[in-house]
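Worksheet for the structure shown next.
The values are calculated or read from the model by the stated rules, or taken from the named source; none is laboratory data. Just so you know, these numbers come straight off a predicted model, no measurement behind them. Neighbour counts run over all protein chains shown; Cβ positions are idealised from the backbone, glycine included.
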């Protein structure tokens, strides 16, 4: 989110929920732009550009396929699953091995603990990822082998990703190169088109710098890179949590968490609290997430759907998976966006759906009781005719 | 040695205990903590089968029959819808004295009538058969005054007004309009805290003064469900004396003040009926196809001629899912509305969209017409019966039936056991 906001601050136009469905070319075969379609709409618009860069990650191969003559973008997607425990069980990362000898980590992350990960060739639908029974059992077995008491801890959710690993034949997933390439498709007769293939999240900035250098060569731009020097939005200084706590009616923990997420912008976020009588009310006690933070995010952080909110402020990421915060968050979203009742309910359901999908593979034990509690909480809404699924 | 021992102190267990006491049996009830009953919204759900319009005009009995006809494992199908409806009426009757003593009333379920429309704090107009009065009343058309306590984020009157107006038109076919009545409030926030705060009747007087001259344009006032946790009788009386229109509470979401009132009233009903109230049961002893005793965690043996299992579903731990879905006390096989549950992972029994019907959410023990849990096609234990959500084969949210099932199965489980007692004697 911060990178996107920074890019926008520097003049980039960010369009989320928008799919590239074609690459436009001139008669010489050079790329002249892209054809895009906003999600949920039928119309396709053309956007012209001097250069098109394919940073599709796991979808890079599919995107490159929009230019049939190109070769070189070939991936071997690798699915990776993490399981999330509701507590920060350890301040240290614990490295252990699974039954097949692969390394598995138990890592602290904010106020959770994660175990992972797997690495399996993935041929399925990138838009429909879910942890399988195998993957859950494999990871649990690995960590329970060295920490048997972890069985009594509560798994609340899963995180799934697919690596955009460069293709290699006849090699085990773990042995594949984690390197990256920046392909200039001019060598295939398609000029003004680049693809970024492979790589890891850890090296995103340098990959982006090199890709930008390649593009700037074509555009004849010679300005030096600054992304390794300049702070991301809010990162220019470290605010004082006590000072914030004294200036606004928030707890010290709240101030600290806001600073963690927004840095120097935390003050702007908190100012919004003055607008309403409940501006400093806690919506989701998990983080805690305040009403003013939701409003700030909706106004400034490219929020399209309520289900975008967990990515902004961790709404619904706690053990209750949105049970407590969902309703109020939906009301605030509806106010900010002028939604009618039906749309507001759809947004709430979309939010709960996203959390439910991630929680479902580990919905046993206490977390199943929590899921039943969530069902109970929203009983009055589930049965509404507009929301009952057909069949 | 008791005649009947009930495991579970929610609505189903309490009704079973009271039914048994009414015929003179010596009854014990074992409870370890509050379960789903204490989360009750303030309304009682008997039968509402969503589907074709205009569902809201169908009678409660009509809904019960529709449910029985479409879901073969639902208790209304297993017991017979009319038998279940009759039993519910008897069950509520048993509760009446204790409820009245607690200043509460649950009007009888008139199954020839349609469900009433209730304002819910979730922001919806929802159907229910009856409710915990004098607080939760159904609404008709007209003009509602929805009260906004200043700074209360858990009850947003504007959203509720919009939703209720919308649902009245869409689902019920009425015109309902709402005014927002904003009042000052400087106490703690959160429904439990507000309710406790209003137990201080001075705070209730101040609220009444705020509302006093604000009701000229409305037909009734709708407040959040916070009008006293313990002294709710007095709080409501104070408000009603000050305003000229009916004062009602919206149905609650979680945490639920009405749920606490109901649970407290049930606890009181048990004490007043001389039911022996005991603590947690953690295992059972069986012999020769009968339950001989249940054991407390310290190993104390509790013996009875007959037992009713009313331990609830996942929330209260009556059904658990660790390595498999199981009933932990008697190790009874579990069923969903699709049949025996044999899966050992959620993926097979939980759907991807929370709105869908999840087999896992219908998990519980399999019962016959006399509510005896079954195992491998036979009655599991000759002297064991089941009531409430521990029974599998249904999910209350698709048929809004949790309280109806609790009442009907509580009564019938007790009667089946006592009938067996009489037969044996």
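Picking from residues in the stretch A:279-299 that are touching a helix residue (DSSP H, G or I) at 6+ places or on another chain (Cβ under 6 Å) and outside any helix (DSSP H, G or I), the one that is surrounded by the most Cβ atoms within 10 Å (Cβ to Cβ) is A:289.
Scanning the stretch B:317-358 for residues being more than 13 Å from chain A (Cβ to nearest Cβ) and surrounded by fewer than 18 Cβ atoms within 10 Å (Cβ to Cβ) gives a total of 5.
Counting only strands (runs of 3 or more DSSP E) wholly contained in the stretch B:181-299, the ones carrying 1 or more residues that are away from every other protein chain (no Cβ under 14 Å) and without any contact (Cβ under 8 Å) to a residue 60 or more places away in the chain occupy B:247-249, B:283-287, B:290-295. Selection of the stretch A:100-133 for residues being surrounded by 13 or more Cβ atoms within 10 Å (Cβ to Cβ) and within 13 Å of chain B (Cβ to nearest Cβ) yields A:129, A:130, A:131, A:132, A:133. Note on the stretch A:40-63: residues that are within 11 Å of residue A:195 (Cβ to Cβ) and in a loop (DSSP other than H, G, I, E, B) amount to 2.
Yes or no: residue A:67 surrounded by 17 or more Cβ atoms within 10 Å (Cβ to Cβ) and over 20 Å from residue A:157 (Cβ atoms)? Yes; evaluated as a whole, the condition is true for this residue.
Could you figure out which of (1) within 11 Å of chain B (Cβ to nearest Cβ); (2) surrounded by fewer than 20 Cβ atoms within 10 Å (Cβ to Cβ); (3) touching a residue at least 24 places away in the same chain (Cβ under 8 Å) isn't true of residue A:302? Only one criterion is unmet by residue A:302, namely (1). For the residues B:112, B:81, B:61, B:77, the requirement of being more than 14 Å from chain A (Cβ to nearest Cβ), over 17 Å from the mean Cα position of the chain (by Cα), at pLDDT 95 or above and buried (at least 22 other Cβ atoms within 10 Å of the Cβ) singles out B:81.
Does residue B:41 satisfy the criteria of being within 14 Å of chain A (Cβ to nearest Cβ) and in a loop (DSSP other than H, G, I, E, B)?
Answer is yes for this residue.
A quick yes/no check of all residues on (1) touching a strand residue (DSSP E or B) at 6+ places or on another chain (Cβ under 7 Å); (2) on the phi > 0 side of the Ramachandran plot; (3) facing chain B (nearest Cβ under 7 Å); (4) not in a helix (DSSP H, G or I):
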position: A:307; (1), (2), (3), (4): no, no, no, no
position: A:319; (1), (2), (3), (4): yes, no, no, yes
position: A:328; (1), (2), (3), (4): yes, no, yes, no
position: A:343; (1), (2), (3), (4): no, no, no, no
position: A:358; (1), (2), (3), (4): yes, no, no, no
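Name the residues in the stretch B:362-401 that are in a loop (DSSP other than H, G, I, E, B) and farther than 19 Å from residue B:414 by Cβ, would you? If the condition is that a residue be in a loop (DSSP other than H, G, I, E, B) and farther than 19 Å from residue B:414 by Cβ, then B:363, B:366, B:376, B:377, B:392, B:393, B:394, B:395, B:400, B:401 are the ones that fit. In the condition set (1) assigned to a helix (DSSP H, G or I); (2) free of Cβ contacts under 8 Å to residues at least 60 places away in the same chain; (3) touching a helix residue (DSSP H, G or I) at 6+ places or on another chain (Cβ under 9 Å), residue A:218 is compliant with all but (2). The residues of the stretch B:359-383 that are away from chain A (no Cβ under 14 Å) and within 27 Å of residue B:44 (Cα to Cα), listed by number, are B:365, B:366, B:367, B:368, B:369, B:370, B:371, B:372, B:373. Here A:276, A:227 are screened, and the one residue that is in contact with a helix residue (DSSP H, G or I) (Cβ under 8 Å, 6 or more places away or on another chain) and buried (at least 16 other Cβ atoms within 10 Å of the Cβ) is A:276. Only residues that are more than 7 Å from chain B (Cβ to nearest Cβ) and closer than 20 Å to residue B:352 by Cβ were counted in the stretch A:363-377, giving 4. With respect to the conditions (1) within 14 Å of chain B (Cβ to nearest Cβ); (2) modelled with pLDDT of 95 or more; (3) crowded, with 21+ Cβ neighbours inside 10 Å, residue A:336 lacks only one, and its number is (3).
Screening residue B:86 against (1) farther than 30 Å from residue A:274 by Cα; (2) out of contact with any helix residue (DSSP H, G or I) (no Cβ under 8 Å at 6 or more places or on another chain); (3) not assigned by TED's automatic domain parsing to the domain that holds residue B:366; (4) not in a strand (DSSP E or B) leaves a single unmet condition, (3).
For the stretch B:139-154, name all the residues that are surrounded by 18 or more Cβ atoms within 10 Å (Cβ to Cβ) and at pLDDT below 95.
If the condition is that a residue be surrounded by 18 or more Cβ atoms within 10 Å (Cβ to Cβ) and at pLDDT below 95, then B:139, B:152, B:153, B:154 are the ones that fit.
Scanning the stretch A:64-95 for residues that are under 29 Å from residue A:314 (Cα atoms) and in a loop (DSSP other than H, G, I, E, B) gives A:77, A:86, A:87, A:88, A:89, A:90, A:91, A:92, A:93.
Checked against (1) at pLDDT 95 or above; (2) more than 14 Å from every other protein chain (Cβ to nearest Cβ), residue A:138 passes all but condition (2).
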